[in-house]
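Heads up, the thing below is written out as structure tokens.
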Amino acid sequence: MKYKKLKKTLISLGVIITSPFISSVIMKIVPNISVTANRLANTTIGETSGNVALNDENTLQEPTIVQETTPNWSDNILSNGLGWDYSLDDTSDSFDFFDEKFNLTAGEEPYPDVDTLTNHSGNVIQTILNNYSGTQYVTLSSGALVKNVTSVSNNTLLNESKNLPEFTIDLNSDEPQVLIMHTHTTESFEPFERTYYDSSFSYRTTDNSKNVVMVGDMIAQELENAGIKTIHNSTVHDYPSYTGSYERSAVTVQSILDEYPSIKVVLDIHRDALSRDGDLLQPVVEIDGKKSAQIMIISGCDDGTMNMPNYMQNFRLASLLQNQIYSDYGDFARPILFDYRKYNQDLTTGSLLIEVGTHGSTLEQVRYAGQLLGKSIAKALVSIST
């Protein structure tokens, strides 16, 4: 499996998009990291202007977006934050320098005072990720896309996408149907829209009002509103140490599944990390006149080494959600990533990882994204309810 992943890395044609804070150290461990970056030919990029002004409330005015017609960067839709590759996350030796670089074994990490985040370390570039093309993309019935980077044929995936999950959802039940949790609980975001970022901020915080737990709260609320009883677990699995996050989250998930066997769906909510030439990418789409961060579903495939024989059941759920999201909000969802990844998706037949925004997204953008995502997930699950 590692050889296959290394081969993908060596033949990638595009510029690998990765967090500006870990790009240098990632190069030190390329043999241990799988990166599948493929050329995106016709992506439309929106770039913020170089000037920004403050209004009377001392907040940033909305930046101007300038369209790039011929971008020269590649589309890497993988999750590029620390520990984005589950095999790397479980390799403690590879994470020794991460612990040192990011001081991951320190005490609690509060969200910084935004007034201190004034260093201009690079630009924040607003973009919409769309206009995908190529043989690796599978078009679902709704027009939504899957990015297939496995040896499974596109026709096989298309046929599987037409099948519903084998489980059903019990509406208005006293027993929980969905578990929302976070392997990388402290993943955080930009404070507000601006044209620059400050690299002194690690984009990690134990403040649950400003990390992915806040996003999970928004999703869970929409599911509850639809009569889908949901558990939202906020256990921190990536702090004080990032190493072994997935091992710890597997224990959490399994213990909850043992207590509540009624749970059909497990959603691990993360945020992505995308950059280009030292600038942060802020993927947004406008929905009902308001900017939302884009989201991405990751559905893992077993290459024969992961003990995940029911991975296609997860893909059926991913396709159901992706079709609903696309029908509701168009480009809100980037293509499903179907790749050789585990992410504890062996624990149920309804387990998925969802990236909501990136470290360049703002708190307001991801809060809105969580609300929209929750509405679409609720609709999809109601459609298979009893």
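Observations on the structure shown:
- The apolar share of the surface of the stretch 99-191, taken as the fraction of accessible area on carbon and sulfur atoms (1.4 Å probe, ligands and nucleic acids excluded), comes to 43 percent.
- Average accessible surface area per residue within the stretch 215-273, 1.4 Å rolling probe, Å²: 36
- Residue-normalised accessible area of the stretch 108-202, given per residue in Å² at a 1.4 Å probe: 42
- The rule of thumb for compact globular proteins, 2.2 N^0.38 Å, goes into the C-alpha radius of gyration of the stretch 292-386 1.10 times.
- Expressed as a whole percent, the accessible surface of the stretch 226-356 that belongs to carbon and sulfur atoms is 44, based on a 1.4 Å probe.
- Total lysine pairs whose alpha carbons fall under 23 Å of each other in the stretch 234-386 (8 or more apart, or interchain): 7
- When nucleic acids and ligands are ignored and a 1.4 Å probe is applied, Leu117 ends up with an accessible area of around 0 Å².
The values are calculated or read from the model by the stated rules, or taken from the named source; none is laboratory data. The structure presented is a predicted model; accordingly, all values stated were derived computationally and were not measured. Ligands, DNA and RNA are stripped out before the accessible areas are found, and what is left, the full protein with its side chains, is counted by its heavy atoms. Shrake-Rupley method; radii C 1.70, N 1.55, O 1.52, S 1.80 Å.
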